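Novice: The structure follows.
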Amino acid sequence: MKRLLSILCIGLLCLASCASPDTTEVTSPDGRIRLVFLLDDGGRLAYQVEVDDTLFLSPSALGFQARDGVNLSEGFRLLGTDFAEADETWHQPWGENKTLRNHYREMAVRLSGEAGVRLTLRFRVFDDGLGFRYEYDVPGVDSLLLTDELTAFRMARDGTACSIPANFDTYELTYRTLPLSGTETANTPITFRTGGVYASIHEAALTDFPEMTLMNTGGTVFKSELAPWPDGIKARFEGGTFKTPWRTVQIARRAVGLINSSLILNLNEPCALDSTDWIRPMKYVGVWWGMHLGVESWVINDRHGATTANAKRYIDFAAANQIQAVMFEGWNEGWENWGGNQRFDYTKPYADFDIEEIARYARQKGVEIIGHHETGGNILNYEAQLDKAYRWYVGLGIHSVKTGYAGGLPGGHNHHGQYNVRHYRRVVETAARYHTTLDVHEPIKDTGIRRTYPNMMTREGARGMEWNAWSEGNAPEHHVMLPFTRLLAGPMDYTPGIFDILYERAKKNPARKQWNMKDSKDCRVNTTLAKQLACWVILYSPLQMAADMIENYEGHPAFQFFRDFDPDCDWSEALAGEPGDYVAVVRRAGEDFFLGAATDESARTLRIPADFLEPGRTYLARIYADGPDADWTDNPLSYEITERRVTAADTLHIRMAAGGGQAISFIAEK
């Protein structure tokens with residue numbers, strides 16, 4: 001395999017000087033990005049990319065390898081090239097921005113290969129990047145077994161990259177900042193800066209294919225590596241026709257340009273649902289955080305969290321604080337047998353969780369319930385109950401579900417292979433039939449299918465808040481790295497908003513002491529309180545959780561920010577930032593605006609013009625800032641709340657302590 005790659009690399013380096021290669025090209029609407037398709041004398045496929053007339057991606061390989069003598073990578077000849085341009089505006093029922101522009105130029109390269117193989121390589125180039133996919137038609141075969149993808153990304157020069165290592169079972173890994181040439185493997189999105197350009201490699205519309213990771217094959221050359229089936233096959237299809245997901249490269253002059261890009265969504269199919277009026281963003285609280293701290297338990301015992309009485313307490317709190325929903329984990333039979341071949345029952349509550357009474361009480365209070373389906377990785381058990389479980393929930397008036405896959409999959413499958421991608425798709429489609437929205441933990445990564453199925457609202461898919469409960473936790477830079485990496489893929493259910501940052505109240509809880517959970521000095525939330533508020537804005541999710549136990553919010557002045565906050569935003573913009581250093585994001589919901597800014601271990605002051613506000617209007621700005629003596633290490637709870645009236649002509653001076661942040665609500669005056 002290494003020898004084959006070396007031969008391909010040598011051939012690609014010679015492409016530019018070949019005597020008569022067939023070349024075809026397409027540029028972005030603004031002319032800044034130029035993509036060239038290359039076909040050498042051996043019928044091998046490649047592409048290269050220039051940005052602002054400077055080589056960005058050197059000639060990079062294309063194609064696949066398959067079993068049983070099917071040739072998908074060489075011996076091709078050009079049949080023709082079709083060009084098109086689209087410029088449309090479309091609307092989504094929720095999102096960072098509800099109105100989006102989809103403007104691109106397309107080049108569809110039609111090719112003929114050995115044994116009648118047909119291939120269309122479809123390239124789309126936008127002002128903010130590019131995407132391409134393979135559309136194969138192999139005649140005369142009953143099935144196709146793909147063994148490798150040759151797609152490469154040959155960076156023209158070295159740079160600095162932010163990524164997590166490639167892993168086919170988890171995304172809950174720590175981000176690293178390394179030279180491109182020193183990054184051995186990476187999951188996507190991988191974000192990097194090279195030659196003054198910011199870029200991010202990912203994929204869009206992953207629906208029936210294994211996920212793509214990247215492997216460094218030398219220097220600054222990365223090759224696609226697909227999550228395999230247990231027998232080593234990468235992808236299998238009945239018949240000889242298949243389309244891949246889009247391979248994407250977002251490109252921007254400034255780092256925040258990547259956050260403000262809608263390229264991933266634009267490369268997905270339009271909404272497939274007949275109606276979306278039943279889908280709405282919500283704020284929620286839940287019986288969850290206490291379990292991670294050891295104050296409560298998932299199983300039925302004297303510390304059980306999901307009891308009827310506790311459920312009603314959380315519902316009362318939600319109703320009193322402008323919070324639309326409550327989520328309960330550990331409510332159903334199966335938790336008591338955690339580990340191994342987990343067998344949850346999704347329609348049998350524990351004896352102390354009267355779900356019919358709880359559902360009735362929630363309706364009376366005008367509060368939604370977010371149900372919970374933990375699978376423990378046993379997706380066969382889950383699929384056997386899928387229709388029954390969603391139908392049963394709907395009968396109780398429950399139309400939102402959090403799912404989980406914390407465990408090994410049966411049969412040696414990994415979490416991110418084609419087998420499980422198909423499972424996730426089956427769950428999304430089943431939920432849609434029952435008008436149910438989803439929050440998926442231990443998911444396949446987001447690739448924009450929320451455009452097609454907007455009931456797929458949010459996912460975990462990175463180290464979230466729970467890691468702070470039982471490990472060294474997430475470093476201060478983590479929260480200002482995620483917007484430039486993981487969140488480029490889509491919303492994340494990070495579960496922000498912990499107020500008991502040092503667990504002082506939790507450690508005094510008699511239940512926790514009785515359980516004898518280790519009180520490690522390393523376990524805490526590594527931010528200031530003001531940064532926790534800012535994360536509600538920065539870490540976008542249409543289902544946004546105030547994750548702490550509700551007793552830590554009751555009577556707390558800073559909780560007013562969450563009461564005012566509206567996750568159903570109409571417009572968003574990242575205003576300033578650098579990956580892993582700092583970020584500032586503003587969102588508009590109706591007439592009001594919400595701004596969140598955060599920093600890493602370094603204290604900073606940002607100067608932000610308020611020109612995002614509507615001209616000619618005055619807003620009451622309620623500012624939640626780090627106190628003058630705040631520091632994430634030894635004084636994280638110091639904060640101050642001030643108010644002032646501002647207009648679009650003002651400039652904000654956002655002071656942040658080390659590991660801190662700032663949150664501002666701008667309430668439009670009538």
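Novice: How much length would be gained if the chain were fully extended between residue 100 and residue 137, taking 0.36 nm per residue of separation minus their Cα-Cα distance, in nm to one decimal? Write out the running numbers ahead of the final one.
Specialist: Values: separation 37, 0.36 × 37 = 13.32 nm, distance 3.28 nm.
Taking residue 100 through residue 137 to full extension adds about 10.0 nm, to one decimal.
Novice: While we're here: Measure off, as a whole percent, the carbon and sulfur share of the 1.4 Å-probe accessible area of the chain, all protein chains present.
Specialist: Solvent-exposed carbon and sulfur of the chain make up 47 percent of the total.
Novice: Considering only DSSP states other than H, G, I, E and B, which GluC sites (Glu not before Pro) in the stretch 120-223 qualify as loop sites with at most 14 other Cβ atoms within 10 Å? Present the calculation step by step, with values, prior to reporting the outcome.
Specialist: On the way: sites: 135, 149, 172, 184, 203, 211; in loops: 172, 184, 211.
Those satisfying the criteria are 184.
Novice: Can you tell me, using C-alpha contacts under 8 Å and at least 6 residues apart, the relative contact order of the stretch 290-412 as a whole percent? Let's see the in-between values first.
Specialist: Values: 193 pairs, mean separation 29.6, N = 123.
Dividing the mean separation by the residue count of the stretch 290-412 yields 24 percent.
Novice: Please compute the net charge surrounding residue 559, taking Lys and Arg as +1 and Asp and Glu as -1 over other residues with Cβ under 13 Å from its Cβ. Don't skip to the answer; put the middle values down first.
Specialist: Details: positive: 283, 563, 622; negative: 500, 548, 551, 554, 564.
Neighbourhood net charge equals -2.
Novice: Compute the helix-to-body angle for 379-395: its Cα long axis versus the longest principal axis of the chain, expressed 0 to 90° and rounded to tens.
Specialist: 50 degrees
Novice: Same structure, new question: Given a Förster distance of 41 Å, report the FRET efficiency between residue 505 and residue 85 from their Cβ-Cβ distance, rounded to the nearest 0.05.
Specialist: Working: r = 59 Å, r/R0 = 1.44.
For residue 505 and residue 85, the calculated efficiency is 0.10.
Novice: Taking a 23 Å limit on the Cα-Cα distance, which of the listed pairs 445/531; 98/365; 223/445; 365/402 fall beyond it?
Specialist: Beyond 23 Å: 445/531; 98/365.
Novice: What are the ³J(HN,Hα) couplings of the stretch 32-45, residue after residue, when phi is run through the Karplus curve with 6.51, -1.76, 1.60 and θ = phi - 60°? Round to Hz, x for glycine and proline.
Specialist: For the stretch 32-45, the Karplus-derived couplings read 6, 10, 10, 10, 10, 8, 10, 9, 8, 5, x, x, 8, 9 Hz, x marking Gly and Pro.
Novice: Moving to a separate point now. With labels modelled as points extended 7 Å from the Cα through the Cβ direction, what inter-label distance (nm, one decimal) is found for residue 578 paired with residue 241?
Specialist: 5.1 nm
Novice: Cα convex hull of the stretch 200-346: how many Å³ per residue?
Specialist: Numbers: hull volume 39.8 nm³, N = 147.
In the stretch 200-346, the Cα hull volume divided by residue count equals 271 Å³.
Novice: Quick check on the chain: helices-only [θ] at 222 nm, where DSSP H runs of length 4 and up contribute -39,500 (n - 2.57) each and the sum goes over total residues. Nearest 500, please.
Specialist: About -5000 deg cm²/dmol.
Novice: Taking 7 Å along the Cα-to-C-beta vector as the label spot, tell me the residue 273-residue 313 distance in nanometres, rounded to one decimal.
Specialist: 3.4 nm
Novice: Now a separate question. Keeping all protein chains in place, calculate the accessible area per residue for the chain (probe 1.4 angstrom), answer in Å². Let's see the in-between values first.
Specialist: Details: 23830 Å² over 670 residues.
With the other protein chains kept in place, the chain gives 36 Å² per residue.
The values are calculated or read from the model by the stated rules, or taken from the named source; none is laboratory data. Everything numeric in this text was worked out from a predicted model, so none of it was measured. Every residue, glycine among them, receives a Cβ derived from its backbone with ideal geometry; neighbour counts consider all protein chains shown. Surface accessibility is based on the protein's heavy atoms, side chains included, excluding ligands, DNA and RNA. Shrake-Rupley method; radii C 1.70, N 1.55, O 1.52, S 1.80 Å.
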